[in-house]
1. Order of 144, 165 from fewest to most other C-beta atoms within 10 Å?
2. May I ask for the angle, rounded to the nearest 10°, between helix 147-156 and the longest principal axis of the chain, with both axes built from Cα atoms and the value confined to 0 to 90°?
3. If one computes P(r) from the Cα atoms of segment 2-348, what percent of pairs lie at distances over 27 Å?
4. Rounded to a whole number, what is D in µm²/s for segment 286-349 from Stokes-Einstein with the Kirkwood radius over alpha-carbon pairs (4 °C, 1.567 mPa s)?
5. Given Cβ point charges of +1 (Lys, Arg) and -1 (Asp, Glu) and nothing else, what value in debye, to the nearest 20, does the dipole of the chain about its Cα centre take?
6. Loop only per DSSP, at most 12 neighbouring Cβ atoms within 10 Å: give me the chymotrypsin sites (Phe, Trp or Tyr not before Pro) in segment 129-213, ordered by residue number.
7. Among 271-277, 199-205, 177-183, how do they line up from the highest to the lowest mean number of other beta-carbon atoms within 10 Å?
8. Please compute the Cα-Cα pair-distance distribution of segment 1-48 with 5 Å bins starting at 0, giving whole percents from short to long.
Amino acid sequence: MTESLPLLLRAARGEKVDRPPVWMMRQAGRYMSVYRKLRDKHPSFRERSENPDLSYEISMQPFREFQPDGVILFSDILTPLPGMGIDFDIVESKGPLIQNPIREKSQVDSLKILEPKNNLSFVGEVLGRLRESVGNKATVLGFVGAPWTLAAYVVEGRSSKNYSVIKEMAFKNPSLLHKLLDHFATSIANYLRYQIDSGAQVVQMFDSWAGQLSPTDYDVFAGPYQKKVIDLLKETHPDTPVILYISGSAGVLERMASTGVDFISLDWTVDMEDGCKRIPTNIGIQGNVDPGILFGTPKMIKDRIIDTVKKAQGRRYILNLGHGILPGTPEENARVFFETSKNINSFIN
Ligand code: CP3
């Protein structure tokens, strides 16, 4: 009966599969010429991600081109912020900008509780349409940002190098930061529930900037809120696999494993073999090819994929990059990545 379910979902649930499923973080986006063309016509990121026709179309672009095993919603981790009363924009070459960064207690107190059905109905619509379109040919993935990473954006106001503003808040006024993190945890859990009810079959939580914390502080400001999101989600949706990604996670892998996640997505600074040893076998592993390899030769790309997959053999495993595909990546190299991955059995057996 489960034969009819898509490969990635079966692998994520721990079933035995013929080959590891494959998708790419940021697989829809600037490296694709069809995306750049559409972006010229619709220069606002908010429009591209909040107009359901555009978001659907962009989500489908990599699926049409490469048939990955996973189709991820085209959106952003910041998309739920306006529903909580925080406005944002994404500006070419500057990245995300928050007009009024959250620095004061009064601002935290006046945050709104997210109501996904009202605030984010466009996301629900896109997820439903994606499911209908890809059927059992691929798994539809939803995603959110974890509380710490969302807080990093809204407190800093933009992408940051040192995270000094949020760290000042963490180490001078921790109770204010905890209040903000707690608000995000509840809202993000509701948002994940809504994504799953709308069609997402697997979800990924990005705590991209949690790797900026010392492990001691990770245990205070990141881990407990990842766990809160997962605990809340599992109360209502225990069967939906959850993947957790952190950039620069080598110092906290064991800690990530104790949050209740089903999968850990490794970046490429951890050797796959070491990662497999450090993460308990009941947790699956995703990753971790260096996105920079995709600027190399087809042979280099192929060899690295084979090496990575061999090291993950015997584990519940999803093949992916170690972070998002980089702008400027040649599309033909993305094709090499997907084709090698989908034919992996002819290279390793
Ligand atoms: O994976 C996918 O294909 C889905 C799309 C996706 C986007 N953002 C689209 C996007 C996903 C999963 C995200 C998540 C996201 N957004 C994260 C977590 C993943 C990670 O990279 O660690 C983070 C930290 C953000 C915040 C954010 N949004 C950044 C840092 C940027 C890049 C800014 C820049 O100009 O380099 C964005 C903008 C963004 N989100 C783009 C895309 C395709 C690029 C802007 C554009 O296309 O015009």
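Each value in this text was obtained by applying a stated rule to the coordinates, not by laboratory testing. For clarity, every value in this text was computed on a predicted model and none was experimentally measured. Here Cβ is always computed from backbone atoms with ideal geometry, including for glycine, and neighbour counts include all displayed protein chains.
1. Final ranking by Cβ density, sparse to dense: 165, 144.
2. Relative to the chain, helix 147-156 is tipped by roughly 60 degrees.
3. Percentage above 27 Å: 43.
4. Using the Kirkwood radius from Cα pairs, D works out to 110 µm²/s.
5. 340
6. Passing both the DSSP loop test and the Cβ count: no residue.
7. Per-residue mean Cβ counts within 10 Å order the peptides as 199-205, 177-183, 271-277.
8. Binned Cα distances yield the sequence 5, 17, 18, 13, 8, 11, 13, 11, 4.
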